[in-house]
Amino acid sequence: DANAMFEAIRLYDRLTSERKPEEVFEIATISGSELGGVGADRKIVAELSEVLKAFPANEVILVTDGYSDEAVLPLIESRVPVSSVRRIVVKHSESIEQTAALFTRYLKMIMENPRYSRIALGLPGILFLILGALAVFGLVHYYFIAFIIVLGAYMFVKGFGIDKLAKRIYIWIKEYSPPPLPVQISAFSVLAGFLCVGIGIYLGLNAVAEQNLDWSNWLGVLPQAAGAFIMDSKDLAVIGVCLALTGRAIRWYFERDARLLRNAALIVLIGWTRQILEAVSVILINPKAGYETLIFSIVIGILLSVASILIVIVIHRSARGFFKKTEEQKEFEEG
């Protein structure tokens, strides 16, 4: 910078001695910022504007030290014409200045950019804190183990992207908006239904285990095992399926969906399936028990199916105004 100023004075003296009567020369110094970037450019433009207010020059002779001319020259040319550029480069100083500026830029990036400061400052900071804590308690000999654990944990988190996953989960929780109440009821009912079915399966398997069957003759004991499984699992399994369907029926009621009626009929039929499963399990456990109850349950189930279908048709016709029409129905009526 000093070399550039001395060159400007020398050039001023020479031009003054050679100037024409209508020419007036003046020396002005402007500077950017050691941190560079947009802030430095804006500072140069602001100082140049102040100089032009005090001395409205019609042309400029730019004298620089040669560093970052390609960034400064367009800024000056956008305000006033540049008639000449003088670069003052001292031997070996240009590369030193560029290296110093580059080092300063990267140091600023490390200090201010969270992406790099976490690695360059955060990780060493944790290691130094651990070293200090171990030194206080006289456990410095464990520092290498702590170093390996911290470094390994950091590499594990970065390698598998756990930090990014945690960030996405945090954003999702922060921006999560609960669905409408009918959807929540339906989802809860499905979850409760799955739990009931799962517990029912567990009870069925437990009942089979308590039979102490000889599985070497698996073909002979398979019906008894199936009967014990059905006998102990049927209640919760049927309740679970009915719960899931009931939640969906509640959702369709609020949405005025005509599928509500078919779903209600299906709930009745699945509820009666419990009687059929009980009759089947009794026969599997004891083949001599008779099949009259099974036939009776199936016949009643068929009658319930027919009755449910008729009731659904009647209710659908009488409450047609309650249910919303689907897009297919609207298109059919329109054309």
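Checking the conditions here, which among LEU62, LEU48 is assigned by TED's automatic domain parsing to the domain that holds ILE76, surrounded by 12 or more Cβ atoms within 10 Å (Cβ to Cβ) and in a helix (DSSP H, G or I)?
After ruling out the rest, the residue left standing is LEU48.
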Within the range 254-264, the count of residues that are surrounded by fewer than 18 Cβ atoms within 10 Å (Cβ to Cβ) and free of Cβ contacts under 8 Å to residues at least 60 places away in the same chain comes to 2
Considering residues that are without any contact (Cβ under 8 Å) to a residue 24 or more places away in the chain and either among the hydroxyl-bearing types (Ser, Thr, Tyr) or farther than 18 Å from SER84 by Cα (or both), the number found within the range 1-36 is 7
Subset of the range 211-222, residues out of contact with any helix residue (DSSP H, G or I) (no Cβ under 9 Å at 6 or more places or on another chain) and not in a helix (DSSP H, G or I), comes to ASN212
Note: among VAL208, VAL197, VAL183, just one is of a type in the set (A, V, I, L, M, F, W, C), in a helix (DSSP H, G or I) and in contact with a Phe, Trp or Tyr (Cβ under 6 Å, 6 or more places away or on another chain), namely VAL208
The correct count of residues that are surrounded by 13 or more Cβ atoms within 10 Å (Cβ to Cβ) and farther than 19 Å from VAL38 by Cα in the range 105-118 is 3
Say whether the condition of being exposed (fewer than 11 other Cβ atoms within 10 Å of the Cβ), assigned by TED's automatic domain parsing to the domain that holds GLY240, farther than 19 Å from TYR253 by Cα and at pLDDT 85 or above is met by at least one residue in the range 305-328. yes
Flagged in the range 2-45 as part of a loop (DSSP other than H, G, I, E, B), among the acidic types (Asp, Glu) and touching a helix residue (DSSP H, G or I) at 6+ places or on another chain (Cβ under 7 Å), in numbering order, are GLU34
message: I'd like to check something: does the range 164-186 contain any residue that is surrounded by 15 or more Cβ atoms within 10 Å (Cβ to Cβ) and small (Gly, Ala, Ser)?
response: yes
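The values are calculated or read from the model by the stated rules, or taken from the named source; none is laboratory data. If you're wondering where the values come from, they're calculated on a predicted model, not measured in any experiment. Cβ: placed from backbone, ideal geometry, glycine included. Neighbour counts: every protein chain shown.
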